[in-house]
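The values are calculated or read from the model by the stated rules, or taken from the named source; none is laboratory data. From a predicted model like this one, the values you see are computed outputs, not experimental measurements. Here the Cβ positions follow ideal geometry from the backbone for every residue, glycine too, while neighbour counts run over all protein chains shown. The protein model used for the area step is the full one, side chains on, heavy atoms only, and it has no ligands, DNA or RNA in it. Shrake-Rupley method; radii C 1.70, N 1.55, O 1.52, S 1.80 Å.
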Amino acid sequence: MPLLSISQLTKDVKLGLWKIDESIDEFLSAYPHLEQVVSSYRHLELKRQKMAVYTLLYALNGNRQVVINHDSHGKPLLQDYHISISDTAGYVAVILSRTKEVAVDIEYYSNRVDRIAKRFLRDDEVAGTTESRLIHWSAKETVFKYFSAHRLQYADMRLYPFQVASEGCVNVDNLKVNQTVPVYYHLNDRYVLTYTY
């Protein structure tokens, strides 16, 4: 099964990335109980994504009895953990911590972000390339999840200027509460992955 990586970011924070190559039958042959987990999903791709999330979660914490719930805003909840989940075309990412708030986002690489940049960029942000716009978008999605109770809008978040690289860190302001968080990123020709903790 295509586990791409598990990174121990700190003693208490783990980040996992999975490439979804399996069929539903392949997932079920390894974890038959996932049939019940995805029984309410009609769309086959959503079933595969959900199965990949659970399979990655098992790899991260070693517990096959875990159940992901959601709060009233859709934020995932996991007993004894802070958790954040993201998926995009063919990939899922999960970040876990027992003690820290965490957030993750993954977006597939595409120039579609250029067409919608005005929706998420502020006038005081500079994003002159597709790569920079992808990082802006994904970083704001991560910060939105990190401060989920604040119900941030894109204009409520501001990225500090940064140099695009294959990996790095950008500081992002939550302007509602005047708080800055570091958002780490990995960028390649398939996706951008952003996370904070």
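Averaging the sequence gap over all C-alpha pairs within less than 8 Å and six or more residues apart, then dividing by the number of residues, gives region 56-114 a relative contact order of 23 percent.
Per atom type, the chain shows carbon and sulfur on 47% of its accessible surface, probed at 1.4 Å.
Here the label points at residue 65 and residue 119, each 7 Å from Cα along the C-beta direction, are separated by 4.2 nm in the simple model. Excluding the site residues themselves, the longest part of the chain lacking any trypsin sites (Lys or Arg not before Pro) in a DSSP loop with at most 12 other Cβ atoms within 10 Å is 99-150. With helices as the sole contributors, the chain gives -7500 deg cm²/dmol at 222 nm; each DSSP H run of n ≥ 4 counts as -39500 (n - 2.57), and the sum is divided by every residue. Tell me whether region 97-197 comes out rounded, prolate or oblate; compute the Cα gyration tensor, take square roots of the eigenvalues as a ≥ b ≥ c, and use a/c under 1.5 as the rounded threshold. Here region 97-197 falls in the oblate category. Accessible surface computed residue by residue for the chain, with neighbouring protein chains in place and a 1.4 Å probe, gives 51 Å² per residue.
Measuring between their Cα centroids, region 54-84 and region 5-28 lie 12 Å from each other. Size check on region 67-107: the Cα extents along the three principal axes, sorted descending, read 29, 21, 17 Å. The angle separating the long axis of helix 44-61 from the principal Cα axis of greatest extent in the chain is about 90 degrees.
Rounded if a/c is under 1.5, else prolate if a/b beats b/c, else oblate: with a ≥ b ≥ c from the C-alpha gyration tensor eigenvalues square-rooted, which is region 1-110? It is rounded, given that a/c, with a ≥ b ≥ c, falls under 1.5. Computed over the alpha carbons of region 1-46, Rg followed by Dmax gives 13.6, 39 Å. Set against the 2.2 N^0.38 Å expectation for a compact globular protein, region 132-191 has a Cα radius of gyration ratio of 1.08.
Note on the chain: Cα convex hull, mean projected area over all directions, 11.2 nm².
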